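S.K.: Okay, here's the structure, questions in a sec.
The values are calculated or read from the model by the stated rules, or taken from the named source; none is laboratory data. Nothing here was measured: the structure is a model prediction, and the numbers come from that model. Cβ: placed from backbone, ideal geometry, glycine included. Neighbour counts: every protein chain shown.
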């Protein structure tokens with residue numbers, strides 16, 4: 001399927017990871033891992049430190065040049081990555097950061113529209129150091145989505161934000177994903193965040209998939225649903241956190 005926005009044609013195709021193994025020296029981080037992500041599907045990856053979450057995301061992004069391994073990854077060429085650090089260029093204005101590498105006669109208009117989508121209309125000419133941490137992450141999201149990616153990769157994008165700002169960013173990300181419909185692979189340590197945002201939650205353990213479970217909850221009342229607590233406890237147990245009976 002193709003969508004057209006701002007002159008772009010974006011092909012929506014599945015992500016397919018087959019028999020993926022990655023090593024740092026003699027240490028095997030991912031072991032014969034298989035994972036599929038459907039077009040438009042939002043998948044969250046949980047796991048203890050060292051379980052291979054970020055290694056998996058970097059492999060899909062083509063950024064794992066310092067590791068060895070085998071396996072195949074089939075993913076859309078049109079993908080974007082958002083990290084925990086917004087990674088804005090401090091010497092460039094906000095709009096210039098959003099349009100980094102974007103070309104075309106309508107680029108300026110698309111950049112301004114992307115900033116409006118994340119609630120930063122009117123801040124196009126601000127410097128990054130004039131923005132709060134949450135605002136900087138909004139710019140990072142705008143920079144990713146202005147390209148209309150078929151696949152959005154997010155590595156702890158809200159990990160450095162305070163709790164209230166994180167909740168606001170969750171609402172924003174849900175709206176943006178509903179509008180742009182990319183496939184999403186989100187790495188997070190936050191179980192509640194994974195359940196709140198994802199269609200499926202995957203738990204990695206020692207480089208393998210220990211749990212792959214759908215999230216069948218109404219986002220408007222998820223926390224009030226007993227199924228939320230049941231799923232949360234199940235995921236926490238697989239992460240080694242036992243809950244009181």
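Conditions tested, residue by residue: (1) within 20 Å of residue 156 (Cα to Cα); (2) at pLDDT 95 or above.
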| position | (1), (2) |
| --- | --- |
| 75 | no, no |
| 83 | yes, no |
| 87 | yes, no |
| 92 | no, yes |
| 95 | no, yes |
| 100 | no, no |
| 104 | no, no |
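S.K.: Residues of the stretch 122-134 being modelled with pLDDT of 95 or more and either assigned by TED's automatic domain parsing to the domain that holds residue 197 or not in a loop (DSSP other than H, G, I, E, B) (or both), which ones?
M.R.: 128, 129, 130
S.K.: Next question, about the same structure. Inside the stretch 101-116, can you point out the residues that are surrounded by fewer than 14 Cβ atoms within 10 Å (Cβ to Cβ) and assigned to a loop (DSSP other than H, G, I, E, B)?
M.R.: Answer for the stretch 101-116, where residues must be surrounded by fewer than 14 Cβ atoms within 10 Å (Cβ to Cβ) and assigned to a loop (DSSP other than H, G, I, E, B): 101, 103, 104, 105, 106.
S.K.: Conditions first: (1) at pLDDT 95 or above; (2) assigned to a loop (DSSP other than H, G, I, E, B); (3) under 27 Å from residue 222 (Cα atoms). Residue 119 passes all but one, so which condition is the exception?
M.R.: Residue 119 satisfies all of (1) at pLDDT 95 or above; (2) assigned to a loop (DSSP other than H, G, I, E, B); (3) under 27 Å from residue 222 (Cα atoms) except (1).
S.K.: Taking the stretch 43-90, which residues are surrounded by fewer than 20 Cβ atoms within 10 Å (Cβ to Cβ), outside any loop (DSSP other than H, G, I, E, B) and touching a strand residue (DSSP E or B) at 6+ places or on another chain (Cβ under 7 Å)?
M.R.: Of everything in the stretch 43-90, those that are surrounded by fewer than 20 Cβ atoms within 10 Å (Cβ to Cβ), outside any loop (DSSP other than H, G, I, E, B) and touching a strand residue (DSSP E or B) at 6+ places or on another chain (Cβ under 7 Å) turn out to be 61, 68, 69, 70, 71, 72, 73, 74.
S.K.: Scan the stretch 26-42 for residues that are at negative phi and either assigned to a strand (DSSP E or B) or over 19 Å from the mean Cα position of the chain (by Cα) (or both) and jot them down.
M.R.: 26, 27, 28, 29, 30, 31, 33, 34, 35, 36, 37, 42
S.K.: Quick one: would you say residue 58 is at pLDDT below 95 and either farther than 28 Å from residue 34 by Cβ or under 17 Å from the mean Cα position of the chain (by Cα) (or both)?
M.R.: Yes; evaluated as a whole, the condition is true for this residue.
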